[in-house]
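Here the structure comes first, spelled out in structure tokens, and everything after it is commentary.
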Amino acid sequence: MLFRSKRTIQKDLLRPRIVNHLRELSRLYKSINRYDDAISHLERALEIAPDYPDIKSELATALRDSGKYDKARSVLNEVLEIRPGNVSALLQMGLVCYLQKDIPEARRFWEKALYKDPTNRLISLYLNSTRQ
């Protein structure tokens with residue numbers, strides 16, 4: 001039988017709670033357009049739990065909203081390496097590409113997302129907005 005120390009057990013129980021509190025603080029900062037503070041809290045959450053792809057996706061969204069498109073793309077690439085079929089990450093990557101005026105690349109990501117989730121109206125809307 002493996003022995004786990006009390007400290008290890010506490011760490012395993014507290015880590016998700018801390019991460020969720022940092023995420024909530026980030027959302028509050030983002031709601032008042034304090035993107036740098038929001039980004040900082042999400043980066044701190046990732047220091048505690050680097051294996052949480054949903055936190056990385058949320059970080060990418062905050063980076064995108066703050067205009068840091070290259071960094072947002074980098075973070076989304078990390079998410080898509082771990083979960084290539086992640087519809088949310090594909091959708092977000094398409095948005096970042098679109099904002100960078102790379103319409104063909106945006107369409108490529110949105111088409112992948114639509115293939116994974118064919119009933120997603122938001123993806124269809126984005127794709128239709130790029131048709132000439």
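Of the residues Glu78, Glu43, Glu111, Glu47, which is under 10 Å from the mean Cα position of the chain (by Cα) and of a type in the set (Asp, Glu)?
Glu78
Taking the range 41-53, which residues are free of Cβ contacts under 8 Å to residues at least 12 places away in the same chain and assigned to a helix (DSSP H, G or I)?
Passing the criteria: only Glu47.
For the range 112-126, which residues satisfy the criterion of being surrounded by 14 or more Cβ atoms within 10 Å (Cβ to Cβ) and under 20 Å from Ala72 (Cβ atoms)?
Lys112, Ala113, Ile123, Tyr126
Which residue pairs have Cβ atoms closer than 6 Å, lie 6 or more positions apart in sequence or on different chains, and pair a first residue in the range 81-92 that is within 10 Å of Phe109 (Cα to Cα) with a second residue that is open to solvent by 30 Å² or more (accessible area, probe 1.4 Å)?
Val87/Lys116; Val87/Asp117; Leu90/Lys112
For the range 9-17, state whether one or more residues are of a type outside the set (Ser, Thr, Tyr) and either open to solvent by less than 60 Å² (accessible area, probe 1.4 Å) or modelled with pLDDT of 95 or more (or both).
Yes, because at least one residue in the range 9-17 is of a type outside the set (Ser, Thr, Tyr) and either open to solvent by less than 60 Å² (accessible area, probe 1.4 Å) or modelled with pLDDT of 95 or more (or both).
The values are calculated or read from the model by the stated rules, or taken from the named source; none is laboratory data. Remember, predicted model here, so these are calculated numbers, not experimental data. Virtual Cβ from ideal backbone geometry, glycine too; neighbours counted across all protein chains shown. The area values use the complete protein model at the heavy-atom level, side chains included, leaving out ligands, DNA and RNA. Shrake-Rupley method; radii C 1.70, N 1.55, O 1.52, S 1.80 Å.
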